[in-house]
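S.K.: Quick one: the structure is below, questions incoming.
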Amino acid sequence: MVINLKNKIWIILILLLIIGITAFLFFNNKNNNKAENNYETSRTSTNDTSKNELNEVSKNVVEIQKNATGLPNQKEEEIATFSTKIYTKDSSRQNNINITCSTLNDTIVSNGSVFSFCNTVGQATTSKGYQKADIFDKDGNKKKGLGGGNCQVSTTLYNAILAVPTLVVTERHEHSNKVPYIQTGKDAAVAYGSYDLKFRNDLGNDIKIKASSDGNNVTVSLYKLS
């Protein structure tokens, strides 16, 4: 009887141990699954947030690109044009006129701003390709100087400006002697550092300056941008 009782006790203990181990394994596995599910939910939520952030960034980039490149071209409306005849075929003078027209061409003058011919074109130097051609000194004497011919471009621009009342001339100088390409009192002498041609754009719109020379005439046109 003692042996049988001990055997029963051992059997009960073994069964309890097995039941305990089974219960432990069951609950431990359940908790692990729950933790994995929670981690997956958290990871999914994080991924969704990152995805949304990336989508927002992409949207902003598209908007920036659209603003940078998707805007329609500005409309150009000609509001004035003026031409002066070139009376000499001197190659140096023609060269200077071409350089100045090229520099001035496509200049945009913002609404409300003041345009300066000298600041826009800059100083006539040999490094820019300018050559010596006829100019007038302050006493009206003809001599050779770098940039001779620039005054015909500035004069042509000046007369185009006069055709638009809302372009206000704030600085203009006459030559010290008569020039052949424009009537007296309609010229605009320029000399970097001393004489300038300036006007203020009160049009209400930005304007674009177009300047060109074909060897026979200098032409300047003004366009309203909208």
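The values are calculated or read from the model by the stated rules, or taken from the named source; none is laboratory data. If you're wondering where the values come from, they're calculated on a predicted model, not measured in any experiment. Virtual Cβ from ideal backbone geometry, glycine too; neighbours counted across all protein chains shown.
S.K.: It is to be established whether one or more residues within the range 199-212 are assigned to a loop (DSSP other than H, G, I, E, B) and either outside the structural domain of Arg93 (by TED's automatic domain parsing) or more than 29 Å from Asn73 (Cβ to Cβ) (or both).
M.R.: no
S.K.: Now for a separate question. Go through the range 77-118 and report how many residues are within 13 Å of Leu157 (Cα to Cα), hydrophobic (A, V, I, L, M, F, W, C) and touching a helix residue (DSSP H, G or I) at 6+ places or on another chain (Cβ under 8 Å).
M.R.: Within the range 77-118, residues that are within 13 Å of Leu157 (Cα to Cα), hydrophobic (A, V, I, L, M, F, W, C) and touching a helix residue (DSSP H, G or I) at 6+ places or on another chain (Cβ under 8 Å) number 6.
S.K.: For the range 144-159, indicate whether the set of residues that are polar (S, T, N, Q), free of Cβ contacts under 8 Å to residues at least 40 places away in the same chain, outside any strand (DSSP E or B) and assigned by TED's automatic domain parsing to the domain that holds Ser83 is non-empty.
M.R.: no
S.K.: Hey, another quick one. Taking Ile97 as meeting all but one of (1) in a helix (DSSP H, G or I); (2) within 19 Å of the chain's Cα centre (by Cα), write down the number of the exception.
M.R.: It is condition (2) that Ile97 fails.
S.K.: Given the criterion surrounded by 16 or more Cβ atoms within 10 Å (Cβ to Cβ), free of Cβ contacts under 8 Å to residues at least 60 places away in the same chain and either in contact with a Ser or Thr (Cβ under 9 Å, 6 or more places away or on another chain) or β-branched (Val, Ile, Thr) (or both), identify the matching residue among Ile99, Ile79, Ile86.
M.R.: Within the list Ile99, Ile79, Ile86, the selection yields Ile99.
S.K.: Looking at the range 149-171, is at least one residue farther than 21 Å from Thr107 by Cβ and buried (at least 17 other Cβ atoms within 10 Å of the Cβ)?
M.R.: no
S.K.: Just need a number here: residues in the range 124-144 that are buried (at least 19 other Cβ atoms within 10 Å of the Cβ), within 19 Å of Thr103 (Cα to Cα) and over 35 Å from the mean Cα position of the chain (by Cα).
M.R.: 1
S.K.: Also, quick follow-up: Restricting attention to the range 126-138, does a residue exist that is part of a strand (DSSP E or B), basic (Lys, Arg) and at negative phi?
M.R.: yes
S.K.: Does Asn111 fit the bill of being under 28 Å from Ser176 (Cα atoms) and modelled with pLDDT of 95 or more?
M.R.: Against the criterion (under 28 Å from Ser176 (Cα atoms) and modelled with pLDDT of 95 or more), Asn111 does not qualify.
S.K.: Would you point out which residue out of Thr88, Thr103, Thr22 is in the same structural domain as Ile209 (by TED's automatic domain parsing), over 28 Å from the mean Cα position of the chain (by Cα) and modelled with pLDDT of 60 or more?
M.R.: Testing whether each residue is in the same structural domain as Ile209 (by TED's automatic domain parsing), over 28 Å from the mean Cα position of the chain (by Cα) and modelled with pLDDT of 60 or more leaves just Thr88.
S.K.: Kindly provide the set of residues from the range 127-140 that are out of contact with any Lys or Arg (no Cβ under 9 Å at 6 or more places or on another chain) and at pLDDT 95 or above, ordered by number.
M.R.: Ser127, Lys128, Gly129, Tyr130
S.K.: Within the range 116-150, work out how many residues are of a type in the set (Val, Ile, Thr) and touching a His at 6+ places or on another chain (Cβ under 7 Å).
M.R.: 0
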